2 protein chains.
Amino acid sequence: MLIAGVITEYNPFHNGHLYQLDTLRQTLRPDLIVSVMSGDFLQRGEPAVVSKWDRTRMALQAGIDLIIELPYIFSVGKADIFARGAVSVLDQLGVSHLIFGSEIGRTEPFFHTLSLIENNKERYNQALKEALREGMSYPNAHAAAYRLLSSSADGELVDLTQPNNSLGFHYIQAIHNRKSAMIPVTILRKETGHGDRTFDSEASIASARSIRSYLLGGGSLTNLQNKIPSFVYSSLNRKNEFHGFTDWETFFPFLKYRLLSSTAQQLSQIYEMEEGIEHRLLSYIAKADNFYNFISSVKTKRYTWARLQRLSVHVLTNTSKSDARLPAAAGEAPYLRLLGMNKKGQNYLAAIRKDLQVPLVAKIRKHRNPILDLDIRAAALYDFLSGGGHPAATRSETSHAPVRYDEEKGLFTGGID
Amino acid sequence: MLIAGVITEYNPFHNGHLYQLDTLRQTLRPDLIVSVMSGDFLQRGEPAVVSKWDRTRMALQAGIDLIIELPYIFSVGKADIFARGAVSVLDQLGVSHLIFGSEIGRTEPFFHTLSLIENNKERYNQALKEALREGMSYPNAHAAAYRLLSSSADGELVDLTQPNNSLGFHYIQAIHNRKSAMIPVTILRKETGHGDRTFDSEASIASARSIRSYLLGGGSLTNLQNKIPSFVYSSLNRKNEFHGFTDWETFFPFLKYRLLSSTAQQLSQIYEMEEGIEHRLLSYIAKADNFYNFISSVKTKRYTWARLQRLSVHVLTNTSKSDARLPAAAGEAPYLRLLGMNKKGQNYLAAIRKDLQVPLVAKIRKHRNPILDLDIRAAALYDFLSGGGHPAATRSETSHAPVRYDEEKGLFTGGID
């Protein structure tokens, strides 16, 4: 059985994602497609434009058979932590092939790169440490250490400064580290770079980031119709009428309140709060009138924008170092939180369920786990705060069933609206 | 020199307060009137309708010469803690006469009551303990213990179930406990009970509570013109145009956010969080759509509305048990925070300054004290949140000077608008 796995955020789902799924179906002819998807907070430290439930429905309509949530502690983590968590979920689900997009489009260079780094670990770590001591950010320090090794390498290497190459490398490293039999397959990304902020209005593929920027800037959804499938258009359109889309600015008053009401000592307990950065946050928050300006004022060469955003998410959700200790040590998801499935996905789950090494969480009410508690808290806060801070908007995530999708009738049940 | 002292909230200032000041001027002919006033959060656990700076200006226009802030930890405290803090401020300022309103209007019964309780401390405390064990609220338990003693008393006693009598008793007890030479003077309260929620539209005196209810319910300020001095009318009118008035509902989304993002263990560290009440707060917050409904659902016989409101204020301001330990032990204000003064007040301060036992805090920037830190935090949160959660509304309390009032010209300088 060929079980294809994809690691996604779908923030929001767009034609590039559709292209990736089409390509994977044509080339691999999988029996099943499984996705591990980030919840309401994403790897770059941003709240999703629409909730995980909306994005789950999009994924199901795009033909994914089974969607599992990547726990918060991994989904809002550095690239290596994110990759480790996501790969662990797919591996536990029995995924045979992990498919990911990359700028390079072939897997061999990834294996060369992995060997190079694994065989020169000491030199690599030494160079990394020095670069960090010089005040470089993590990604820049990694790049510098890698450049140093590259000069002595044979075989084609991956350009790790490209964002999708870099993530892909972390996936392959995670597969290697857990001695998994999963086969990585990469698909050349089409047309647009991952981080592009603007898009060509004629092109049928635009980056998720450019779509978000456009929407959050008040751009009309109509102008995106050629870049997103029609089911995504309908979903976003409905969301737009009720709540609008969510971004950091929506949540900023609550982040500001949290910072204004915390002591430096309390903030120092927050996950990823390091080197006294809490004092910088506290000294800039009083004057900051929006999130963008706040991060701009706090930012230094040492801290990337994404790192400060992730840190802000952890402050907002009150995620502490001790909350993160357990998953960091385990390095894998201790449960599989089911977000959505179609009939095929359901049959597959029924077949493998008895062999699963970790509990399958369909209804949260029946489960208790400190890592799951973080997911519940993050979801409750996202739902409450993205309802515009209106107290009535809080919905009870814990009592809801996963989304079920009947493809033939095009009908959904379960989830939260 | 006769220095009159009053303990005030002025939330907002009204004709009843004016009447009290007129009576005190006529009967005592004081050389100076000093007030210790609560900051932005009040004894019943509510945010003030307008900020302490607005209320300081009202007090100055009403003829008070010197206004000192009652530190947060006392101003949002049970009656005995509130009284102890307030009396300590007035005593340190050299106040010779403490004037307070009461339902009984004469001081002798207070002294009888004080003697009765002091002479039967053990019996009183025993009765109190038993009543609390039976599940009574603090005020009801005190009343029950007092009833028990009263039966055996000679001399007229005070009815301590009347709110102003009760506060007055705590003032007199605080004076007694610190062996202060201050002379308590009580003025009979006119026309309205302290806690009345509605008022007679014809009457010139209404309770602050009824005025607040009316304003916060959207009532027109114009209809209050016969109940408040014209300078209060102008001040409230101006506020109304810019921000509207502040109440718990304004702050509720932030309380809800704080509770949704806190663990029971973290909440148990909050000041006045006792007997596991944090679990009750957590189980009702998700469904609560406003503050009134939230407190209604949490309330039990054991917890008064005011106690739950104070607890909510401490949650909102993140005031911990360890924050409160110091002032509770000291039992007196460790500094005098100057909010406002006229020329006369300024001259008086200049004359006594060298004899003060605690620092006079005019500009906060020069002072550091853990109790003052709580005041600064409470003010920053009030200013930010009462600005409707708009990030731009945060003003820097620490950099501002006290309000100075030139009575002849009717001009203010300093403070925060």
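The values are calculated or read from the model by the stated rules, or taken from the named source; none is laboratory data. Not measured: the values here are computed from a predicted model. FYI the Cβ positions are ideal-geometry reconstructions off the backbone, even for glycines, and counts take in every protein chain you see. Remember, those area values only see protein heavy atoms, side chains included, never the ligands or the DNA or RNA. Shrake-Rupley method; radii C 1.70, N 1.55, O 1.52, S 1.80 Å.
What to note about this one:
Residue-wise test of (1) over 28 Å from A:PHE242 (Cβ atoms); (2) more than 10 Å from chain B (Cβ to nearest Cβ); (3) not aliphatic (A, V, I, L, M).
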| position | (1), (2), (3) |
| --- | --- |
| A:LEU338 | no, yes, no |
| A:LYS344 | yes, yes, yes |
| A:ALA351 | yes, yes, no |
| A:LYS354 | yes, yes, yes |
| A:GLN357 | yes, yes, yes |
| A:ARG365 | no, yes, yes |
| A:LEU374 | no, yes, no |
| A:ALA380 | no, no, no |
| A:LEU385 | no, no, no |
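- Scanning region B:374-390 for residues that are open to solvent by 20 Å² or more (accessible area, probe 1.4 Å) and either within 16 Å of B:ILE68 (Cα to Cα) or at pLDDT below 90 (or both) turns up B:ILE376, B:GLY388, B:HIS390.
- Count of region B:1-41 residues which are over 18 Å from the mean Cα position of the chain (by Cα), in a helix (DSSP H, G or I) and not hydrophobic (A, V, I, L, M, F, W, C): 7
- Scope region A:114-141; condition open to solvent by less than 70 Å² (accessible area, probe 1.4 Å), of a type outside the set (A, V, I, L, M, F, W, C) and closer than 22 Å to A:ALA306 by Cα; matching residues: A:GLY135, A:SER137
- Criterion (charged (D, E, K, R), farther than 26 Å from B:ALA324 by Cα and either under 20 Å from the mean Cα position of the chain (by Cα) or in a loop (DSSP other than H, G, I, E, B) (or both)) met by exactly one of B:ASP80, B:ASP54, B:ASP91: B:ASP54
- Number of positions in region A:1-26 that are among the small types (Gly, Ala, Ser) and open to solvent by 10 Å² or more (accessible area, probe 1.4 Å): 1
- Just so you know, in region A:236-248 the residues that are surrounded by fewer than 20 Cβ atoms within 10 Å (Cβ to Cβ) and hydrophobic (A, V, I, L, M, F, W, C) include one that is nearest to A:ALA208 (Cα to Cα), and it is A:PHE245.
- Considering region B:208-218, and only residues there that are without any contact (Cβ under 8 Å) to a residue 40 or more places away in the chain and surrounded by 14 or more Cβ atoms within 10 Å (Cβ to Cβ), the residue that is nearest to the other protein chains (Cβ to nearest Cβ) turns out to be B:SER213.
- Contact map, region B:1-27: residues that are closer than 17 Å to B:LEU66 by Cβ paired with residues that are among the aromatic types (Phe, Trp, Tyr) and part of a loop (DSSP other than H, G, I, E, B), Cβ distance under 7 Å, separation 6+ or inter-chain. Pairs shown: B:HIS17/B:TYR10.
- Residues in region A:323-372 that are open to solvent by less than 70 Å² (accessible area, probe 1.4 Å), part of a helix (DSSP H, G or I) and touching a residue at least 24 places away in the same chain (Cβ under 8 Å): A:ASP323, A:ALA324, A:PRO327, A:ALA328, A:GLY345, A:GLN346, A:TYR348, A:LEU349, A:ILE352, A:ILE364, A:ILE371, A:LEU372.
- Pair list, Cβ < 7 Å and 6+ apart or interchain, from region B:394-405 residues that are facing chain A (nearest Cβ under 10 Å) and surrounded by 17 or more Cβ atoms within 10 Å (Cβ to Cβ) to residues that are modelled with pLDDT of 85 or more and outside any loop (DSSP other than H, G, I, E, B): B:THR394/B:ALA380; B:THR394/B:ASP383; B:THR394/B:PHE384; B:ARG395/B:ASP383; B:GLU397/B:ILE376; B:GLU397/B:ALA379; B:GLU397/B:ALA380; B:GLU397/B:ASP383
- The residue list A:LEU188, A:LEU224 contains one member that is of a type in the set (A, V, I, L, M), open to solvent by 30 Å² or more (accessible area, probe 1.4 Å) and more than 14 Å from chain B (Cβ to nearest Cβ), which is A:LEU188.
- Residue match in region B:165-182 (condition: open to solvent by 30 Å² or more (accessible area, probe 1.4 Å) and in contact with a His (Cβ under 8 Å, 6 or more places away or on another chain)): no
- Scanning region B:263-281 for residues that are closer than 18 Å to B:ARG310 by Cα and among the polar types (S, T, N, Q) turns up B:GLN266, B:SER268, B:GLN269.
- Test: residue in region A:27-37 that is open to solvent by less than 10 Å² (accessible area, probe 1.4 Å) and within 24 Å of A:GLY387 (Cβ to Cβ): yes
- Residues satisfying the stated conditions in region A:352-371, i.e. closer than 17 Å to A:ARG404 by Cα and out of contact with any His (no Cβ under 7 Å at 6 or more places or on another chain): A:LEU360, A:ALA362, A:LYS363, A:ILE364
- Among the residues making up region B:329-355, those that are modelled with pLDDT under 95, of a type in the set (A, V, I, L, M) and out of contact with any Phe, Trp or Tyr (no Cβ under 9 Å at 6 or more places or on another chain) are B:ALA329, B:ALA330.
- Residues that are buried (at least 22 other Cβ atoms within 10 Å of the Cβ) and under 19 Å from A:GLY94 (Cα atoms) within region A:39-77 comprise A:ILE64, A:ASP65, A:LEU66, A:ILE67, A:ILE68, A:GLU69, A:LEU70, A:PRO71, listed in sequence order.
- Number of positions in region A:249-305 that are closer than 21 Å to B:PHE251 by Cα and either in contact (Cβ under 8 Å) with a residue 12 or more places away in the chain or buried (at least 20 other Cβ atoms within 10 Å of the Cβ) (or both): 19
- Selection from region B:306-317 of residues that are crowded, with 23+ Cβ neighbours inside 10 Å and among the small types (Gly, Ala, Ser): B:SER312
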